[in-house]
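What follows is one structure encoded as structure tokens, with my remarks underneath.
Taken together, the values in this text are just the output of simple stated rules run on the coordinates, not laboratory data. Remember, predicted model here, so these are calculated numbers, not experimental data. We place every Cβ from the backbone using ideal geometry, glycine too, and count neighbours over all the protein chains shown.
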Amino acid sequence: MATAYRFCPQCATALAEVEGLEDGGPKTRLRCPACDFTHWNNPTPVLAAVIECADQGGQLLLARNAAWAGRMFGLITGFMEAGESPQEGIQREVAEETALEVLQLKLIGVYDFQRMNQVIIAYHALAIGTVRLSPELAEYKLVAPADALCWPAGTGYALADWLRGRGQEPKFMEWSRR
């Protein structure tokens, strides 16, 4: 069980993997043997957008995160914040990271991303405007949907499903985790 928690945030005792009785039966989780705190380690909701630029001939906007090594381009993503709906959150993320205005949103699907302990809620976003990247992003490119290459992980499956919904069989890039 991978987690950043090692000590109880309530009493500072070292956490231990302890079996406890829950609604679904016995479950082993990191728990505090002193005060019974439980670290639930539930997945974090992440929002993603396949951005179709209405004023750029329907091209897709893909971006490279400034923290990523190499030249991998992906979807615009971000964490949902307290007090906002997923739709509000992805509109905010698109505006913050690209300065584009979202005209329409349509849910593509929800995707499991266990490697990062996340659940991805992906939307198709029809957007307009002039792209101005936030410092979080290093560069972007516009690609025709027919030329889009999907990646076999996380948001790459959302892009593939969106392409299939348009009647286009997705093409996947060669992928190697280093």
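How much mean residue ellipticity at 222 nm does the chain get from its helices, if each DSSP H run of length 4 or more adds -39500 (n - 2.57) and you divide by all residues, to the nearest 500 deg cm²/dmol?
Details: 2 runs with 24 residues, N = 178.
About -4000 deg cm²/dmol.
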Quick one: Karplus J couplings for region 19-26, per residue in order, coefficients 6.51, -1.76, 1.60, θ = phi - 60°, nearest Hz, x for Gly and Pro? 7, x, 8, 10, 3, x, x, x
Within a 10 angstrom radius of the beta carbon, how do ASP147, ASP161 rank from fewest other beta carbons to most? ASP147, ASP161
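Just to confirm the filter: which GluC sites (Glu not before Pro) across region 94-178 are DSSP coil and have at most 15 other Cβ within 10 angstrom of their Cβ?
Sparse-neighbourhood loop GluC sites (Glu not before Pro): GLU136, GLU174.
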Stokes-Einstein D (µm²/s) once Rh is taken as the Kirkwood radius of the chain over alpha-carbon pairs, at 37 °C in 0.692 mPa s: 180 µm²/s
I'd like the Kirkwood hydrodynamic radius of region 5-103, using the inverse of the mean 1/r over distinct C-alpha pairs, in Å. 17.1 Å
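Region 1-92: which GluC sites (Glu not before Pro) are DSSP loop and have at most 12 other beta-carbon atoms within 10 angstrom? All intermediate terms of the calculation are to be shown ahead of the outcome.
Details: sites: GLU17, GLU19, GLU22, GLU52, GLU81, GLU84, GLU88; in loops: GLU81, GLU84.
Listed in order of number, the matching sites are GLU81.
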Are there trypsin sites (Lys or Arg not before Pro) in region 46-130 that DSSP marks as loop and that have at most 12 other Cβ atoms within 10 Å, and which are they? ARG71
Listed by chain and number, the lysines with an alpha carbon less than 26 angstrom from that of LYS141, same-chain partners under 8 positions apart left out, are LYS106, LYS171
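So if I place +1 on the C-beta of Lys and Arg and -1 on the C-beta of Asp and Glu, and nothing else carries charge, what would the dipole magnitude of the chain be about its Cα centre? I want it in debye, nearest 20.
Numbers: 16 positive and 21 negative charges, 116 e Å.
Here the chain has a charge dipole of around 560 debye.
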Which ³J(HN,Hα) values, rounded to whole Hz and listed in residue order, are derived for region 125-133 from phi using the Karplus coefficients 6.51, -1.76 and 1.60 in 6.51 cos²θ - 1.76 cosθ + 1.60 with θ = phi - 60°, glycine and proline given as x? 10, 8, 9, 9, x, 9, 6, 9, 6
Using only Cα atoms, find the angle between the long axis of helix 155-165 and the longest principal axis of the chain, and express it within 0 to 90 degrees, rounded to the nearest 10. 50 degrees
Can you list the residues, at least 5 places off or on another chain, whose amide H is less than 5 Å from the amide H of ILE51, using H built in the peptide plane? LEU61, ILE76, ALA125
Sorted by chain and number, the residues with a modelled amide H under 5 Å from that of ALA138, at a separation of 5 or more or across chains, are ARG64, ASN65, ALA66
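Taking the convex hull of the Cα atoms, report for region 1-41 its projected area averaged over all directions, in nm².
Details: hull surface 11.1 nm².
Average of the hull's projected areas for region 1-41 equals 2.8 nm².
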How large is ³J(HN,Hα), in whole Hz, for each residue of region 29-35 in order, when computed from phi with the Karplus curve 6.51 cos²θ - 1.76 cosθ + 1.60 and θ = phi - 60°, using x for Gly and Pro? 9, 6, 9, 8, x, 8, 10
0 to 90° range, to nearest 10: angle between helix 86-98 axis and the chain longest Cα axis: 60 degrees
Once amide H atoms are placed 1.01 Å from N in the peptide plane, what residues at a sequence separation of 5 or more from GLN118, or on another chain, have their amide H within under 5 Å of its amide H? THR44, PHE113
